[in-house]
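Working notes, beginning with the structure itself.
The values are calculated or read from the model by the stated rules, or taken from the named source; none is laboratory data. In this text, all values refer to a predicted model and were calculated from it rather than measured experimentally. Don't worry about glycine lacking a Cβ; one is built from the backbone with ideal geometry, like all the others, and counts go over all protein chains shown. For accessibility, only protein heavy atoms count, side chains too; no ligands or nucleic acids. Shrake-Rupley method; radii C 1.70, N 1.55, O 1.52, S 1.80 Å.
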Amino acid sequence: MKARCLATLLVTLMCSTIHAADLTGTWRIDLPRRGGVLLHTYFVLRQQGAEVDGKVVINEGGEIPLRRAHFEGEDFVFGTDWNTDYRLHPDGDRLEVTVTYVGHGSEKATAVRVPEAAAHPPAALPLPALEPVPPNGLALTPPMGWNSWNHFGDRVDDPIIRETADALVKSGLAAAGYVYVNIDDCWESGRDARGNIVTNTKFPDMKALADYVHQRGLKLGLYSSPGPRTCGGYEGSYGHEEQDAKTYAAWGIDYLKYDWCSAGRIYPESALQAAYQKMGRALAQCGRPIVYSLCEYGMGEVWKWGPQVGANLWRTTGDIQDNWKSMSEIGFNQGRLAPYAAPGHWNDPDMLEVGNGGMTIPEYRTHFSLWCLLAAPLLAGNDLRTMSAEMLEILGNREVIALDQDPLGKQGERLAQRDGIEIWTKPLRDGGRAVGVFNRNDAARTAPFTWKELGLAAPPKEVRDLWRHVDVTPAADGYSASIAAHDVLLLRVR
Ligand code: GLA
């Protein structure tokens with residue numbers, strides 16, 4: 001009798017807890033962000049008994065499936081592939097939601113039911129027929145400057161941009177070629193009654209900011225998306241491409257990074273080229289020279305059609321992270337794209353992490369050397385206002401920068417690979433070449449190579465070590481040096 005009572009009690013308890021609320025429906029949470037911006041995330045759920053499936057529409061941009069979904073008492077708990085976990089606690093006709101950004105804290109919000117259509121992306125607008133956009137004549141060498149994303153993320157604001165412009169000048173980096181000061185995501189608010197893009201409160205006056213940057217001999221860059229939302233969930237250029245290009249021109253913008261993001265919810269991958277052409281044409285007709293930077297992580301072999309949409313550079317990979325694994329996996333895999341780099345059109349293996357703290361000095365030296373051999377855009381991504389002397393020495397090494405900025409505009413390639421050592425070369429306009437010998441091992445190695453291996457019939461007349469800043473006397477047959485773990489020997493030979 002006692003056991004039967006207990007069993008009945010358990011079943012009643014389970015029913016009243018697990019099935020207390022039916023989660024089926026579309027729910028929205030509003031998340032306040034810096035700059036007076038409110039972002040929305042939707043939960044589109046379908047519950048059958050104790051089973052719930054569905055998706056999260058994060059910031060109206062990315063749609064992602066629920067992972068490891070389960071009930072913990074009354075709470076419905078799940079994770080995502082985007083390092084964000086959710087706990088939904090039923091409270092009457094609402095849900096109390098805890099959003100956990102794994103390793104970066106959490107926040108609470110209240111979810112309310114909204115009509116199903118609220119979470120749907122807008123219908124696809126027609127895209128133009130493919131027709132090449134004429135080259136804009138910009139970026140004849142890889143663009144150099146700074147971008148806010150890697151260090152500041154959504155904290156970027158007007159004072160940071162002004163102070164960074166000042167730091168570029170004061171540190172000597174501006175004189176070394178770093179001219180673009182690029183605001184990445186999180187500057188946008190929404191649109192005014194006429195559909196004009198409006199900045200959020202972190203950027204009170206974009207035109208005045210551009211003037212400030214221009215007065216220092218520098219240029220200002222911005223960021224947007226062909227979709228309705230940027231990757232951070234802010235306002236994108238969808239359906240406002242020409243209008244936005246005109247606004248950028250009126251503000252005095254010199255560079256646009258255009259990030260696919262939520263466009264992936266609207267267009268199929270086959271529409272990439274037309275969607276990018278739409279903004280390429282709008283920029284070409286806006287009355288101001290604006291460098292056009294595509295960010296779609298290498299989808300659709302962008303290097304094959306980037307020039308046709310008016311692009312000056314295109315990302316070839318997903319996002320870089322400030323660690324050896326991410327940087328080296330990206331950097332050492334770019335060789336196959338060498339044929340697609342040329343003056344005005346560059347492969348972009350993502351922005352620099354030098355000085356952000358996640359790598360050692362030799363690793364940052366390798367990062368910078370490799371990006372210069374790749375003729376990659378050099379967009380510093382650290383806090384230039386507080387940079388150490390060691391990081392300034394890396395970013396400001398003019399002999400290394402000269403390899404990147406060589407007017408021949410050839411991207412370097414891997415010549416040999418053995419025992420964790422990689423030898424890369426880049427042809428230069430003076431007939432010489434850059435040679436990078438990289439030690440990817442976790443311990444020091446002696447790394448000999450021969451001139452013959454470099455394709456040289458005779459020993460070179462001049463060999464310069466670009467990190468030690470010394471001329472070295474070449475031996476008759478080749479070169480040998482001990483290279484520390486994750487470090488590089490970078491030579492210019494002629
Ligand atoms: C994407 C891009 C990054 C950065 C962020 C901003 O992840 O690849 O470089 O622009 O969006 O949200």
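Quick notes
- Probe 1.4 Å, accessible area per residue of the chain, Å²: 43 Å²
- The chain, accessible surface, carbon-and-sulfur percent (1.4 angstrom probe): 53 percent
- Global geometry of the chain, whether rounded, prolate or oblate, following the gyration tensor of its Cα atoms and the 1.5 cut on a/c: prolate
- Potential lengthening between ILE64 and ALA123 on full extension [0.36 nm per residue; Cα-Cα distance subtracted]: 19.3 nm
- Along its three principal directions, the equivalent ellipsoid of the stretch 235-349 from the Cα gyration tensor extends over semi-axes of 25, 16, 14 Å, largest first.
- Subset of LYS108/LYS202; LYS55/LYS108; LYS202/LYS278; LYS426/LYS452; LYS219/LYS304 violating a 25 Å alpha-carbon distance limit: LYS202/LYS278; LYS219/LYS304
- The stretch 274-352 versus the stretch 134-191: alpha-carbon centroid distance in Å: 17 Å
- Rounded to the nearest 500, the helix-only mean residue ellipticity at 222 nm of the chain stands at -6500 deg cm²/dmol, with each DSSP H run of n ≥ 4 adding -39,500 (n - 2.57).
- Averaging the sequence gap over all C-alpha pairs within less than 8 Å and six or more residues apart, then dividing by the number of residues, gives the stretch 386-490 a relative contact order of 24 percent.
- Solvent-accessible area of THR446 with every protein chain in place, 1.4 Å probe, in Å² to the nearest 10: 90 Å²
- Positive contributions from Lys and Arg (+1) and negative ones from Asp and Glu (-1), summed over other residues with Cβ under 11 Å from the Cβ of VAL472, come out at 0.
- Relative to the longest principal axis of the Cα atoms of the chain, the long axis of helix 2-18 makes an angle of roughly 60 degrees.
- Set of aspartates and glutamates near LYS461 by C-alpha distance (under 19 Å), chain-local residues within fewer than 8 positions excluded: GLU399, ASP430, GLU453, ASP471, ASP477
- Simple point charges give the picture: +1 on the Cβ of Lys and Arg, -1 on the Cβ of Asp and Glu, and for the stretch 413-493 a dipole about the Cα centre of about 180 debye.
- Whole-Hz Karplus values for the stretch 272-288 come out as 3, 4, 5, 5, 6, 5, 4, 6, x, 5, 4, 5, 4, 9, 8, x, 9 Hz, taken residue by residue from phi with 6.51 cos²θ - 1.76 cosθ + 1.60 and θ = phi - 60°; glycine and proline positions read x.
- Extension gain, LYS170-ASP477: 0.36 nm per intervening residue step, less the Cα-Cα distance, totals 106.1 nm.
- Relative contact order of the stretch 144-404, pairs being alpha-carbon contacts under 8 Å that are 6 or more residues apart, as %: 17 percent
- Between VAL198 and GLU399, the distance separating the two model label sites (each 7 Å from Cα on the Cα→Cβ line) works out to 5.4 nm.
- Relative contact order for the chain: 11 percent, from Cα pairs under 8 Å spaced at least 6 residues apart, divided by residue count.
- In this view, the solvent-accessible surface of MET391, computed with a 1.4 Å probe and all protein chains in place, comes to about 20 Å².
- Sorting LYS461, LYS325, LYS410 by accessible area puts them as LYS461, LYS325, LYS410; the probe is 1.4 Å, largest comes first, and only protein heavy atoms count.
- Against the chain, whose longest principal axis comes from its Cα atoms, helix 361-373 is set at around 70 degrees.
- Angle between the chain longest axis and helix 206-215 axis [Cα atoms, degrees, rounded to 10]: 10 degrees
- Projecting the Cα atoms of THR201, SER369, TRP324 onto the dipole axis of the chain, where Lys and Arg carry +1 and Asp and Glu carry -1 at the beta carbon, places SER369 farthest toward the positive end.
- Summing charges over all other residues whose Cβ lies under 12 Å from the Cβ of PRO343, with Lys and Arg as +1 and Asp and Glu as -1, gives +1.
- For the stretch 90-143: rounded, prolate or oblate by the Cα gyration tensor [a/c cutoff 1.5]: oblate
- Cα gyration tensor, the stretch 144-404 - rounded (a/c under 1.5), prolate or oblate: oblate
- Proximal charge balance of MET359 [Cβ under 11 Å; K/R count +1, D/E count -1]: -1
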